[in-house]
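Asker: For reference, the structure I am asking about is given below.
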Amino acid sequence: MMKYLSLIIILAGAYLAVPLQFGGNDYVIGIVVSALTIAGIAVAWAMLGNLGGMISFGHSAFFGVGAYGSALLAMNAGLPVFPSILAGGVIAGVVSILTMPTLRLRGPYFALAMLAFAEIFRILAIEMRWLTNGSGGLLSIPRLPTVFGFDFGSRLGGYFVVLTLVLLTVFVYWLIRNRPEGLALRAMHDSEDATLVVGVNATRLKAAVLVVSAFLTGIMGAFNAHYINFLEPDYAFNGSWTTLAIVAAIFGGYKTLWGPVAGALIVYLVDQFVFKAIMPSGHQLILGGLLAAIVIFSPSGLLPWLASRFRKEAGDAAHP
Amino acid sequence: MFDLVAQSVFSGLLAGAYYALIALGLALVFGTMRIINLAHGELVLLAGYIAYTAESRFGLDPLAALPAAIIIVALTSVIIYLLLTRIRVDREINSLILTFGIAIMLTNGILMIWSADIRSTTSGWYLDSIIIGDTLFAMNTEILFAVIGVLVVGAVWWWLSKSWYGRALRAVSSNRDAAKLMGIDPRTTEILSFAVAGLLASIAGIALYSGKVIEPSLGHSLTIKAFIITVLAGLGSVPGVLIGAVLIGVAESLTATLWSSALQGLVSMLLFLIVLLVMPSGLFGRTRRRG
Amino acid sequence: MIARMISSVLALTLGLGAANADELIIGSQIPLTGSAARAGMGMNEGIQVAAKVFNETNGKHTVKVITIDDESQPAKAVAAIERLNAQGALAFTGGYGSNIIGPASDAAERLGKVYMTSGGVATELSQRGLKTFFRISNATGYAKALAGLSDTLDLQSFSLIYSTRESTAEVAKLLEEIWTAEGKKVTLHPFDPSIADFKPVLHKIKLQDRPEAIAMVGYENDYVGIIRAAKVLKPDAKAIMGTWSLATPKMWQDFPDLMNNVYGTAPLPYPAQFNTPEEQTFAEAYKEMHNKEPDYLGIFGYVQGLLLFNAVAEAYDAGTLNSGGVQDALRKTEHDTLIGKVIFDESGDNTNFAHRMAQHQDGAVAIVWPKESATAEARFPAVPW
Amino acid sequence: MLLTLDHVTVAFGGLVAVSDVSFSVSEHEVLGLVGPNGAGKTTLFNAISGLVRPSKGKMTFCGHDLTGIPIHKRARIGIGRAFQVPQPMHELTVRENLIVAQHFGTGHSNPGKIDEILDLTRLGHKANRDAASSLALTEQKALEVGKALATNPRMLMLDEVLAGLETNGKRAFMQTLDDARQRFGVALLMVEHDIETISNTCQRVLVLNFGKLIADGSPEEVFRNPEVIRSYTGGETA
């Protein structure tokens, strides 16, 4: 009951209080949109990391593919923006099939193989000039449209869209992790034999979760392309899309549902609003220190730490 | 055409030996402790900047900066280790965040201390050309550090497989508790391995400064390069590092010669992927067996 | 507790400085960290000098430049523009890299305020139909300068080495078009920004292309790598030339053994001959503030800053700040500046922009093209090796 | 016949762990597999459940040739397995362990049966607790059996599930197994050290030594076999 109540409060705050308080301030809303974009990737990443037990260093590949896919569909095929965002996610999901051979790799081998894919896609985006305009990139990508008189292309409109996308991503994650498939995935990396002998087809589940994670990451990339209205290979496939998401997910607690979202919001907003105010350039120095500190003082991430402070049962912390 | 390819392979070999120098410290820590030090590239870069300060402020030769670089970088490396030991849960993944945080701090620290300007050696000797058999061209520094690279790989391999400390380190890496029973203090050996990784990073940093151009944002790409080579080599294989590095070096250089330099990254990444998909544990990695 | 934290955060970030009636607030969005930090810092120095000079000479108005680091990231550049707007900025300047300038100037357009830059050369930037976008430099100007010098030196074949980054690829493409149209032979050698060993490329140039001249479009680290490789391989070329960040006193100072006889674009010679009073004021102020010789980034920063400050002051006096007065002031006349006449067209491009070409000559940076501004004869054929 | 092994050999490199073993298990049978340490019992189990691949020979289960069937599909055709060292699925609760086993082992959900298994294995009161951290050893072993039961097996392979339990625990556990057999009609194939238990429970006993099958028959018969006695006195250390 408490759980639903707090969820309702959070939703009301996100959809009502934030716009009422900051709606007129494009700057604040803009930063929050950026933070939510990272949050969306972080959730998608954590889905693969937590459910699949696979740490990917290459999610920027899916972000970039989704971004380019959607932008090109909207610009060249004249697809309306919202359907093309969805299509961008689908393209990223389809492209993730190419990366499936890496599923048989373990740990760092998998992580780096994904990074290699991201790098390959970046170079392909530079080289395939006929499609992507090469390193010149795409300028003036169509904005989010006006629907029923509400301009989604405004900062506030972008905020509602990205907020909804992030919440949907969390919802998909929640659905999957509570299905037997999700349970099996969570169990798989620590108890592989145990899952195999009860009939779990590990490879197929991992492949499925990879596709879903890529799809959701691609959606975030597609949204960002129409929000920022511009793309170039170095930007779309930038490694920082991955690293920021990983940092956010682990910071917040990548094994929890809301940890990645909380992590992204806190890391990004605190960095931009507080550290940057204290130290206009070089504030990332403080961010680096904060990351190091959280790992040392709260190794399971921020949310589990908060949860264990509020609850007596430490054993519950892994399943809020 | 033959001249072109010969020079290309030669350049690739030299580049490979230099890459091996950069990767070795990361490979050592990764191989013995399963810790990926994402700040490794920044340590290499730090050594490069120390060489710059030694040269520009005190007129020292870049190699003469090595002792100072070793002290500072090895100390930083040991501090990273001490912080890592404070991680209690999920060490493999949390060490990523910790070292990434440290990498950010080092990058920004370097930017503040040395500014964003590019730096490289001005000592003429390093950059003078050396011509072998009228057809193969290189800079002195490349030959020098290729030789050093091969020697250092040999030395580290010897150290790990033959010396007492090396054996102790391997004992700790395969079974900490058993090693304790044998009278080995895991902490000491692990500190030592981080210190040695720092030393290796220092040598790599001097090689970097005396042959290439350094700037504060370079660290990240050095880490990635080192990491790729380490994984290509296979966990914990020291000779594998040299071979993996040479493979990448030659592939890059042949791509530039036969195709286009813009595709170097594409080819080396494809090569990396193909090797991994054929040999999932890297070139010289131990495979897991059940039974 | 949380409420207090939020309010203090807001105070830090949104706190609007109470501005003087006649103090004009200008927002500067500049990369001070990240990949474009080097260029950003140079441009920032020039803008700061422009503010100092303006405040000391205008008499009537003063400007206050608020600078925000965009961390070389597009989203943060957009956020910087919006925050500067919230802090009362009347117009914006700064920006480095077309990828960042694109979205940032879009944001400025939406706010209806002028965005003035010198850091983005992509042709498309001025083809977006923005009313408030202005830049004093563009890719064409750089390409024309290299092509102009090549004509004067009567060079017929080129090896063009360029980084696959957006602005470098753009300039390289224009150069290729110009040279091909003139019936000259051009071989392209694109390279990935991450590579450090140029020997394979230079070896190909030496054995296969055998060009009369080697042209480079890249950044400092690329030039250093290319020229070092060329010194090792010694291709038989008559000239080596490049674009920005090359013919600068700083490059000579840092890499004296690489630079002699190299051509590059430059707004001013070195040692600078500051002839006009304006040039002298600039040089003195620059030295006083930064304790070094001005470089091209500083000069551009200064010019873009001063142009903008003057236009804002003019619109303020006319009371047309909110009705497009700033862009009108910028468009309506020619401006005499350190980099020559600046004339803005409808798209905000400086139609008069043509770079000069300079050559490193034993520590001096001599302007060698065009003839009318030359300070010395070009040494030709001559290369650093 | 439920399970038939026909001249099965498992080798790792040069080491032959199971050598030319043939036997079969019929429906509802309770069959013991004994032998000294290192005789190849666990390897044989691994081969049947698919964790290792035999180098020679043929295995069939309910008419399916097991050779081409990957591990995860063996649960579907009715092979259930409990490990010697309990392997609860970490991070999941007891009930979730059973849900996963049922979903993947049978392809459909049946909450009623989960409750039945929880009841049978006396884990009902801990159904929503963390499987890895909150169970005692006996309970972990019960869960191990419960998971296997949840996959609806026709044959349950039990690898030294009694090891480490004291007498009362053993008795209770045997009771559980017996209930399971009654209620779900499964055949049991169990590796056990405790000859007394085997004698009391099993209808038939197989003896492995150095990878070879040296005896196959009723408990009385087998434990009187001189070769079996020799293998235990000569090779047994534990």
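Asker: Can you pull the mean other chain C-beta count within 10 Å for peptide B:83-89?
Answerer: Details: counts 4, 3, 1, 5, 3, 6, 6.
For peptide B:83-89, the averaged partner shielding equals 4.
Asker: Excluding ligands, DNA and RNA, what is the solvent-accessible area per residue of chain A at a probe of 1.4 Å, expressed in Å²? Kindly include the intermediate steps, with their values, before the conclusion.
Answerer: On the way: 11290 Å² over 320 residues.
Ligands and nucleic acids excluded, the result is 35 Å² per residue.
Asker: How big is D for region A:22-134, in µm² s⁻¹ as a whole number, if Stokes-Einstein is applied with the Kirkwood radius of its Cα pairs at 4 °C and 1.567 mPa s?
Answerer: In µm²/s, the coefficient is 84.
Asker: Where Lys and Arg each count +1 and Asp and Glu each count -1, what net charge lies around D:R181 among other residues with Cβ under 12 Å from its Cβ? Numbers along the way, then the final one.
Answerer: Numbers: positive: D:R154, D:R183; negative: D:E27, D:E29, D:D178, D:D179.
Combined, the nearby Lys, Arg, Asp and Glu give -2.
Asker: Kindly express, to the nearest 10 degrees and within the range 0 to 90, the angle between helix C:98-111's C-alpha long axis and the longest C-alpha principal axis of chain C.
Answerer: With both axes taken from Cα atoms, the answer is about 20 degrees.
Asker: Please work out the FRET efficiency for the pair A:F310 and D:N110, using the Cβ-Cβ distance as r and a Förster radius of 41 Å; give the result to the nearest 0.05. Walk me through the numbers before you get to the answer.
Answerer: Numbers: r = 37 Å, r/R0 = 0.91.
Calculated transfer efficiency: 0.65.
Asker: With point charges of +1 on the Cβ of Lys and Arg and -1 on the Cβ of Asp and Glu, referenced to the Cα centre of chain C, which listed residue (C:F380, C:S118, C:S163) lies farthest in the positive direction of the dipole?
Answerer: Going by the Cα projections, it comes out as C:S163.
Asker: Probe radius 1.4 Å, ligands and nucleic acids ignored: give me the carbon and sulfur share of the accessible area of the protein assembly as shown as a rounded percent.
Answerer: Values: 26840 of 45440 Å².
Carbon-and-sulfur percentage of accessible area, whole number: 59.
Asker: If you count, for each residue, the other Cβ atoms within 10 Å and average over each peptide, how do C:149-158, C:116-125 line up from highest to lowest? Don't skip to the end; give the middle numbers.
Answerer: Details: C:149-158: 19.0, C:116-125: 25.5.
Descending mean neighbour count gives C:116-125, C:149-158.
Asker: Taking chain D as a Gaussian network, where each spring joins two C-alpha atoms under 10 Å apart, which residue of D:R204, D:R122, D:R81 fluctuates the most?
Answerer: In this elastic network of chain D, the residue with the biggest mean-square fluctuation among D:R204, D:R122, D:R81 is D:R122.
Asker: Then there's this: State the answer as a single residue: which of B:I203, B:V89, B:L151 lies farthest towards the positive end of the charge dipole of region B:2-278, with beta carbon charges of +1 for Lys and Arg and -1 for Asp and Glu, about the Cα centre.
Answerer: B:V89
Asker: Specify the residue with the greatest mean-square fluctuation among A:L131, A:L112, A:L257, computed from a Gaussian network of chain A linking alpha-carbon atoms under 10 Å apart.
Answerer: Ranking A:L131, A:L112, A:L257 by mean-square fluctuation puts A:L131 first.
Asker: Let me ask something else about it. Would you list A:I9, D:I198 from the most to the least accessible area, probe 1.4 Å? It would help to have the intermediate numbers written out before the result.
Answerer: Details: A:I9 110, D:I198 0 Å².
So the residues, ranked largest to smallest area, are A:I9, D:I198.
Asker: Measure off 7 Å from each Cα along the Cα-to-Cβ vector at B:K162 and C:T333, then give the distance between these two points in nanometres to one decimal.
Answerer: If labels sit at B:K162 and C:T333, their model points lie 8.2 nm apart.
Asker: Can I ask one more? Distance cut-off 25 Å, Cα to Cα: go down the list B:K212/C:K234; C:K76/C:K332; D:K147/D:K170; C:K76/C:K250; C:K238/C:K371; B:K212/C:K206 and report the pairs above it. It would help to have the intermediate numbers written out before the result.
Answerer: Details: B:K212/C:K234 18 Å; C:K76/C:K332 32 Å; D:K147/D:K170 19 Å; C:K76/C:K250 30 Å; C:K238/C:K371 20 Å; B:K212/C:K206 21 Å.
As for pairs spanning more than 25 Å Cα to Cα, those are C:K76/C:K332; C:K76/C:K250.
Asker: Ok, one more. Provide, in order from the shortest bin, the percent of all Cα-Cα pairs of chain C in each 20 Å bin, continuing until the bin that contains the maximum pair distance.
Answerer: Distribution as computed: 29, 55, 16, 1 percent.
Asker: Take the alpha carbon gyration tensor of region A:198-320, find the square roots of its eigenvalues, order them as a ≥ b ≥ c, and report rounded if a/c is under 1.5; if not, report prolate when a/b exceeds b/c, else oblate.
Answerer: Working: a/c = 2.37, a/b = 1.04, b/c = 2.28.
It comes out oblate by the Cα gyration axes.
Asker: Another question, if that's okay. Between B:I131 and A:T164, what is the spin-label point distance in nm, taking each point 7 Å from the Cα along the Cα→C-beta axis?
Answerer: Inter-label distance under the simple model: 7.0 nm.
Asker: Another question, if that's okay. For region D:44-163, what is the relative contact order in percent, using Cα pairs closer than 8 Å and at least 6 residues apart in sequence? Present the calculation step by step, with values, prior to reporting the outcome.
Answerer: On the way: 174 pairs, mean separation 43.2, N = 120.
Normalised by residue count, the contact order of region D:44-163 is 36 percent.
Asker: Further question on the same structure: Give me the distance in nm between label points sitting 7 Å out from Cα along the Cα-to-Cβ direction at B:I71 and C:N58, one decimal.
Answerer: Placing both labels 7 Å beyond Cα along the Cβ direction yields 5.3 nm.
Asker: In terms of solvent-accessible area of protein heavy atoms at a 1.4 angstrom probe, what is the ranking of D:D20, C:D345, highest value first? Numbers along the way, then the final one.
Answerer: On the way: D:D20 85, C:D345 50 Å².
Largest to smallest exposure gives the sequence D:D20, C:D345.
Asker: Could I ask something else about it? Let's see if you can work this out: charge +1 on each Lys and Arg Cβ, -1 on each Asp and Glu Cβ, no other charges. What is the dipole magnitude of chain A about its Cα centre, in debye to the nearest 20? Before the final figure, lay out the partial values.
Answerer: Values: 17 positive and 13 negative charges, 88 e Å.
Dipole of chain A, to the nearest 20 debye: 420 debye.
Asker: For region D:1-144, report the translational diffusion coefficient in µm²/s to the nearest whole number, using Stokes-Einstein at 10 °C, 1.306 mPa s, and a Kirkwood Rh over Cα pairs.
Answerer: Working: Rh = 16.8 Å.
Using the Kirkwood radius from Cα pairs, D works out to 94 µm²/s.
Asker: Relative to the longest principal axis of chain D, what angle (0 to 90°, nearest 10) does the C-alpha long axis of helix D:137-150 take?
Answerer: Approximately 90 degrees, to the nearest 10.
Asker: How big is region B:2-278 in terms of Cα radius of gyration and Dmax, in angstroms?
Answerer: When restricted to Cα atoms, region B:2-278 yields Rg and Dmax of 18.7, 60 Å.
Asker: Using a 1.4 Å probe and counting only protein heavy atoms, how much accessible surface gets buried when A and B come together, both sides summed, in Å² to the nearest 100? Present the calculation step by step, with values, prior to reporting the outcome.
Answerer: Values: alone 15590 and 14380 Å², together 26280 Å².
Accessible area lost upon association: around 3700 Å².
Asker: What is the dipole size for the protein assembly as shown, taken about its Cα centre, with +1 at each Lys and Arg Cβ and -1 at each Asp and Glu Cβ, in debye to the nearest 20? It would help to have the intermediate numbers written out before the result.
Answerer: Numbers: 93 positive and 98 negative charges, 615 e Å.
The calculated dipole for the protein assembly as shown is roughly 2960 debye.
Asker: Something else about it: Taking chain D as the reference, fit the longest principal axis to its C-alpha atoms, fit the long axis of helix D:111-120 to the helix C-alpha atoms, and give the angle between the two in degrees, 0 to 90, nearest 10.
Answerer: Helix D:111-120 sits roughly 60 degrees off the main axis of chain D.
Asker: I need the calculated FRET efficiency for the pair D:R224 and D:R122, taking r as the beta carbon distance and R₀ as 45 Å, to the nearest 0.05.
Answerer: Values: r = 37 Å, r/R0 = 0.82.
The calculated FRET efficiency here is 0.75.
Asker: For the interface of chains B and C, what total accessible area is buried with a 1.4 Å probe, rounded to the nearest 100 Å²? Each step should come with its number before you reach the end.
Answerer: Numbers: alone 14380 and 16090 Å², together 27710 Å².
Accessible area lost upon association: around 2800 Å².
Asker: What helices does chain B hold that run 20 Å or longer along their axis, going by alpha-carbon atoms, with a Kyte-Doolittle average of 1.0 or more, using DSSP H for the helix calls?
Answerer: Details: long enough: B:2-33 (45 Å, 1.60); B:40-58 (27 Å, 0.46); B:66-84 (26 Å, 2.68); B:91-114 (33 Å, 1.32); B:140-162 (32 Å, 1.39); B:186-211 (37 Å, 1.11); B:219-233 (21 Å, 1.47); B:238-258 (30 Å, 1.80); B:264-278 (21 Å, 2.66).
Taking the DSSP H segments of chain B (at least 20 Å long, mean hydropathy at least 1.0), we get B:2-33, B:66-84, B:91-114, B:140-162, B:186-211, B:219-233, B:238-258, B:264-278.
Asker: What value in Å³ per residue do you get for the convex hull of the alpha-carbon atoms in the protein assembly as shown? Don't skip to the answer; put the middle values down first.
Answerer: Details: hull volume 231.9 nm³, N = 1234.
Normalising the Cα hull of the protein assembly as shown by residue number yields 188 Å³.
Asker: Please give me, ordered by residue number, the trypsin sites (Lys or Arg not before Pro) of region B:214-290 that lie in loop per DSSP and have at most 13 other Cβ atoms within 10 Å. Spell out each step's value before the answer.
Answerer: Numbers: sites: B:K225, B:R286, B:R288, B:R289, B:R290; in loops: B:R286, B:R288, B:R289, B:R290.
Loop-located and lightly packed - B:R286, B:R288, B:R289, B:R290.
Asker: Go ahead and set up a Gaussian network model of chain C, Cα springs under 10 Å, then flag whichever of C:A366, C:A172, C:A237 fluctuates most.
Answerer: Result: C:A237 has the largest fluctuation of those listed.
Asker: Something else about it: Decide, for region C:79-218, between rounded, prolate and oblate: order the square roots of the alpha carbon gyration tensor eigenvalues as a ≥ b ≥ c, take rounded if a/c falls under 1.5, and otherwise choose prolate if a/b is larger than b/c, else oblate.
Answerer: Because a/c hits 1.5 or more and a/b exceeds b/c, region C:79-218 counts as prolate.
Asker: Would you be so kind as to identify all helices of chain A, as entire DSSP H runs, whose Cα atoms reach 18 Å or more along the helix's own axis and whose mean Kyte-Doolittle hydropathy is at least 1.6? Intermediate results must be reported in sequence, preceding the final value.
Answerer: Details: long enough: A:26-46 (29 Å, 1.89); A:60-76 (23 Å, 1.11); A:81-95 (20 Å, 2.16); A:107-127 (31 Å, 1.40); A:155-178 (34 Å, 1.49); A:202-228 (38 Å, 1.18); A:239-252 (20 Å, 1.52); A:284-297 (19 Å, 2.50).
Those that pass (Cα extent of 18 Å or more, hydropathy at least 1.6) are A:26-46, A:81-95, A:284-297.
Asker: Using just the helices of the protein assembly as shown, give the 222 nm mean residue ellipticity in deg cm²/dmol: DSSP H runs with n ≥ 4 each add -39,500 (n - 2.57), and the total is spread over all residues, rounded to 500. Walk me through the numbers before you get to the answer.
Answerer: On the way: 50 runs with 688 residues, N = 1234.
Computed mean residue ellipticity for the protein assembly as shown: -18000 deg cm²/dmol.
Asker: Same structure again: Please report the antiparallel percentage of DSSP beta bridges with both residues in the protein assembly as shown, rounded to the nearest 5.
Answerer: Working: 43 of 95 bridges.
The antiparallel fraction comes to roughly 45 percent.
Asker: While we're looking at this one, here's another question. Express in Å², to the nearest 10, the accessible area of C:W252 obtained by rolling a 1.4 Å probe over the protein heavy atoms while all chains stay in place.
Answerer: Ignoring ligands and nucleic acids, C:W252 comes out at about 50 Å².
Asker: If you take every residue apart from D:G63 with its C-beta less than 15 Å away from the C-beta of D:G63, what net charge results, scoring Lys and Arg +1 and Asp and Glu -1? Could you put the intermediate results ahead of the total?
Answerer: Details: positive: D:K58, D:K73, D:R74, D:R76, D:R154; negative: D:D6, D:E27, D:D65.
Here the count lands on +2.
Asker: Heavy atoms only, 1.4 Å probe, whole protein assembly: order D:H28, A:H189 by accessible area, highest first. It would help to have the intermediate numbers written out before the result.
Answerer: Values: D:H28 100, A:H189 70 Å².
The ranking, largest first, comes out as D:H28, A:H189.
Asker: Separate question: Counting only heavy atoms of the protein chains, get the accessible area per residue of chain C (1.4 Å probe) and round it to a whole Å² value.
Answerer: Values: 13270 Å² over 385 residues.
I get 34 Å² per residue for this part.
Asker: Once amide H atoms are built 1.01 Å from N in the peptide plane, which residues 5 or more positions from C:S28, or in another chain, come under 5 Å H to H?
Answerer: Placed amide hydrogens put C:I66, C:T67, C:I68, C:T93 under 5 Å from C:S28.
The values are calculated or read from the model by the stated rules, or taken from the named source; none is laboratory data. Everything numeric here is computed off the predicted structure, so don't read it as measured data. A quick note on method: Cβ atoms are made from the backbone with ideal geometry, for glycine too, and the neighbour counts reach across all protein chains shown. The protein model used for the area step is the full one, side chains on, heavy atoms only, and it has no ligands, DNA or RNA in it. Shrake-Rupley method; radii C 1.70, N 1.55, O 1.52, S 1.80 Å.
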